[in-house]
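Chemist: Let me begin by handing over the structure; questions about it come next.
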Amino acid sequence: MKKLPFVTKEQVEEIVKTYPTPFHLYDEAGIRANAKAVQEAFAWNKGFREYFAVKATPNPFLIDILKEYDFGCDCSSMTELMMAKACGMDGEHIMFSSNETPLEEFAYANELGAIINLDDFTHIQCLEDTLGYIPETISCRYNPGGVFAMSNGIMDNPGDSKYGMTREQLFDAYKLLKEKGAKNFGIHAFLASNTVTNEYYPKLARQLFELVVELQKETGCHIAFVNLSGGVGVPYTPDQEPNDIHAIGEGVRQAFEEVLVPAGMGDVAIYAEMGRFMMAPYGCLVTQAIHEKHIYKEYIGVDACAVNLMRPAMYGSYHHITVLGKEDAPCTETYDIVGSLCENNDKFAIDRKLPKIDKGDYLVIHDTGAHGFAMGYSYNGKLKSAELLLQEDGSVKMIRRAETPADYFATFDCFEQYKFEK
Ligand SMILES: *Cc1c(COP(=O)(O)O)cnc(C)c1O
């Protein structure tokens, strides 16, 4: 399928009069339509809730939009918890799915009333020592080990991942937590990342449903929710077929009807912690071609760099690129599209077929709405860009300002001897 940006050349030419490139731009209409589709797809489940994975796009303006659809926040650090609080999330709308958790974060999550999802058996004792008790509602993260395979092959390798408890530990954890006063239990598992197939959630759900039926039988614990976590992917490449969230919701419903309902557990709530699926396609990085270089290959230098989007440098990820105004032009050239870091992996695309690019052209780097801006770092002293929201009425609102040198130097502000220019 041809991938087209949600913004036009004319719109970008208007935006840059106020906000210079590079910037991340988010599409409010797209975010809303997708959030609504997620709610509809799981409307059959009375307790359903999506806890948006804050790490994907930690911006309160975007979280506020999701809040209108009754979404919560999935947090895994102190500042993510603070952001959920600032967005007015109450405890039942905050899931604290962390690992290697600092004890003060357990304490703060509990103070906010968040649901705590324990990554390890030993964290039961840590939590009790920290709080002085075990909360009534508690969740445990499960790692089945081995590989997670679906009809199209091996999807991921839980046996190699640091997360979660073994099956045996999980049974022991529920028994111990119950002894210590827990009343409502949840289970959580994240077994494959960026799955572009409607099978992942249904398959994971069936596995977890079968497990909680056994858990309830053996431990007598009341199972309140099954948290399918993240991992629902998006098509980064034009040849991939997008996930159909309605088909995914229906697949989970069938497993629910077949496994939980006959076991008398039809009141179990389904939770999700999608990050990528909620935001990735509804954000893009807009950058300008500022140099072209002909050596052993053809290079286009742009004003964004891996600081703005790390995925290509870090994982070799494909992000589709559109040259604005040349959407229909033939792809006659082969370019490396590169940023300015003193790192040869600072390439948004390698050997990419694109239309002829002229200096001054605006490029849209697609699908940066999740794990994009958020992963940024500050190598080479590069400053982070602004984040802008393309609102439903076509107007643009700044939802995070660009960093200034003062932000970069801020952590030296307790020293007097250096004077940085403002
Ligand atoms: C990263 C993460 C998510 C979100 O994953 P996506 O692939 O972006 O959907 C959800 N839950 C936990 C615990 C995570 O670490």
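Chemist: Out of the residues in region 262-310 that are β-branched (Val, Ile, Thr) and in a loop (DSSP other than H, G, I, E, B), state the one that is farthest from the chain's Cα centre (by Cα).
Modeler: Step one: filter region 262-310 for residues β-branched (Val, Ile, Thr), giving 268, 270, 286-287, 290, 295, 300, 302, 307.
Cutting the leftovers down to in a loop (DSSP other than H, G, I, E, B) gives us 268, 295, 307.
Numbers: Val268: 25, Ile295: 38, Val307: 18 Å.
The selected residue is Ile295.
Chemist: Right, here's the next one. Scan region 227-285 residue by residue and report those that are touching a Pro at 6+ places or on another chain (Cβ under 8 Å), closer than 30 Å to Gln11 by Cβ and crowded, with 24+ Cβ neighbours inside 10 Å.
Modeler: Cys284, Leu285, listed by residue number.
Chemist: Name the residues in region 111-133 that are of a type in the set (A, V, I, L, M), assigned to a loop (DSSP other than H, G, I, E, B) and either within 16 Å of the ligand (Cβ to nearest atom) or not assigned by TED's automatic domain parsing to the domain that holds Met78 (or both), would you? Let's see the steps before the verdict.
Modeler: We begin by selecting, within region 111-133, every residue of a type in the set (A, V, I, L, M); these are 112, 114-116, 118, 124, 127, 131.
Filter once more, keeping what is assigned to a loop (DSSP other than H, G, I, E, B): 112, 114.
Passing the criteria: only Ala114.
Chemist: Quick one: Ala182 ticks every box in (1) more than 20 Å from the chain's Cα centre (by Cα); (2) buried (at least 24 other Cβ atoms within 10 Å of the Cβ) bar one, so which box is it?
Modeler: (2)
Chemist: Hey, another quick one. Give me a count of the residues in region 130-155 that are out of contact with any Leu (no Cβ under 6 Å at 6 or more places or on another chain) and over 25 Å from Pro102 (Cβ atoms).
Modeler: 11
Chemist: Any idea which residue in region 199-235 is nearest to the ligand (Cβ to nearest atom), counting only those that are assigned to a strand (DSSP E or B) and in contact with a helix residue (DSSP H, G or I) (Cβ under 6 Å, 6 or more places away or on another chain)? Give the steps one after another, and end with the answer.
Modeler: Keep residues of region 199-235 that are assigned to a strand (DSSP E or B), which gives 222-227, 232.
Subset that is in contact with a helix residue (DSSP H, G or I) (Cβ under 6 Å, 6 or more places away or on another chain): 223, 226, 232.
Numbers: Ile223: 19, Val226: 14, Val232: 6 Å.
Looking at the filtered set, the residue picked out is Val232.
Chemist: For region 12-60, what are the residues that are aromatic (Phe, Trp, Tyr) and crowded, with 16+ Cβ neighbours inside 10 Å? Give the steps one after another, and end with the answer.
Modeler: Let us first name the residues in region 12-60 that are aromatic (Phe, Trp, Tyr), namely 19, 23, 26, 42, 44, 48, 51-52.
Residues satisfying the conditions are Tyr19, Phe23, Tyr26, Phe42, Phe48, Tyr51, Phe52.
Chemist: Looking at region 207-228, which of its residues are polar (S, T, N, Q) and over 10 Å from Ile187 (Cβ atoms)?
Modeler: The initial filter retains those residues of region 207-228 that are polar (S, T, N, Q), namely 207, 216, 219, 227.
The answer is Gln207, Gln216, Thr219.
Chemist: Now a separate question. Out of the residues in region 134-167 that are under 20 Å from Ala224 (Cα atoms) and not in a strand (DSSP E or B), state the one that is nearest to the ligand (Cβ to nearest atom).
Modeler: Residues of region 134-167 under 20 Å from Ala224 (Cα atoms): 134-143, 164-165, 167.
Subset that is not in a strand (DSSP E or B): 134-136, 143, 164, 167.
Working: Ile134: 21, Pro135: 18, Glu136: 22, Asn143: 12, Gly164: 10, Arg167: 19 Å.
Among them, the one singled out is Gly164.
The values are calculated or read from the model by the stated rules, or taken from the named source; none is laboratory data. Here the structure is a predicted model, which means the values were calculated and not measured. Positions of Cβ are generated from backbone atoms using ideal geometry, with glycine treated the same way; all protein chains shown enter the neighbour counts.
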